Amino acid sequence: QVQLVESGGGLVQPGGSLRLSCAASGSIFSIYAMGWYLQVPGKQRELVADITSGGRTNYADSVKGRFTISRDNAKNTVHLQMNSLKPEDTAVYYCNALVSTAQAMGVIRNYWGQGTQVTVSS
């Protein structure tokens with residue numbers, strides 16, 4: 001019903017930058033929030049940043065001042081600008097969206113992208 005497609009991951013040196021993007025498609029009625037989560041082997045996913053449809057943002061303490069989340073509501077997209085990257089930022093980054101669909105009015109569900117690998121290494 002709803003698909004999230006991520007892009008922008010890759011290999012960068014410490015101190016470098018990447019910009020992740022996620023586009024939502026399908027029978028979307030409304031997206032209430034979108035965000036980015038990271039996961040490393042053997043651990044649970046954890047929040048990196050999220051943003052509501054009204055533009056309210058939330059960041060993990062570890063990325064404040066380095067990462068910036070933004071959203072284009074008209075295009076159902078979210079971006080994560082990652083600057084001053086550190087080796088500990090290495091992870092798979094997953095896009096998440098809180099969505100209601102036209103076919104199920106009043107029902108709000110979480111959707112996930114396939115993940116994009118970010119590796120920070122010299």
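The values are calculated or read from the model by the stated rules, or taken from the named source; none is laboratory data. Predicted, not measured: the structure shown is a model, and the values here were computed from it. FYI the Cβ positions are ideal-geometry reconstructions off the backbone, even for glycines, and counts take in every protein chain you see. Protein only, heavy atoms only, side chains kept; ligands, DNA and RNA dropped before computing areas. Shrake-Rupley method; radii C 1.70, N 1.55, O 1.52, S 1.80 Å.
Within segment 110-122, the set of residues being open to solvent by 60 Å² or more (accessible area, probe 1.4 Å), in contact (Cβ under 8 Å) with a residue 60 or more places away in the chain and not hydroxyl-bearing (Ser, Thr, Tyr) comprises TRP112, GLN114, GLN117.
Scan segment 51-62 for residues that are exposed (fewer than 12 other Cβ atoms within 10 Å of the Cβ) and within 15 Å of LYS86 (Cα to Cα) and report the count. Summing the residues that are exposed (fewer than 12 other Cβ atoms within 10 Å of the Cβ) and within 15 Å of LYS86 (Cα to Cα) in segment 51-62 gives 1. Can we say VAL48 is open to solvent by less than 50 Å² (accessible area, probe 1.4 Å) and more than 17 Å from THR77 (Cα to Cα)? The answer is no for VAL48.
Filtered by the rule that a residue be assigned to a strand (DSSP E or B), open to solvent by less than 40 Å² (accessible area, probe 1.4 Å) and of a type in the set (Gly, Ala, Ser), segment 1-22 gives GLY10, SER21.
Annotation note: Cβ proximity below 6 Å between a residue of segment 1-18 that is acidic (Asp, Glu) and a residue that is modelled with pLDDT of 95 or more and not in a strand (DSSP E or B) (sequence gap 6+ or interchain) occurs for GLU6/GLY113. Scanning segment 11-56 for residues that are within 13 Å of GLY115 (Cβ to Cβ), in contact with a strand residue (DSSP E or B) (Cβ under 7 Å, 6 or more places away or on another chain) and not charged (D, E, K, R) gives LEU20, CYS22, TRP36, TYR37, LEU38, GLN39, VAL40, VAL48. Filtering segment 63-108 to residues that are open to solvent by 50 Å² or more (accessible area, probe 1.4 Å), in contact (Cβ under 8 Å) with a residue 40 or more places away in the chain and under 23 Å from SER27 (Cβ atoms) leaves ASN73, LYS75, LEU98, ALA102, GLN103, MET105, ILE108.
Does GLY42 meet the test of being outside any strand (DSSP E or B), modelled with pLDDT of 95 or more and open to solvent by 20 Å² or more (accessible area, probe 1.4 Å)? Yes; evaluated as a whole, the condition is true for this residue.
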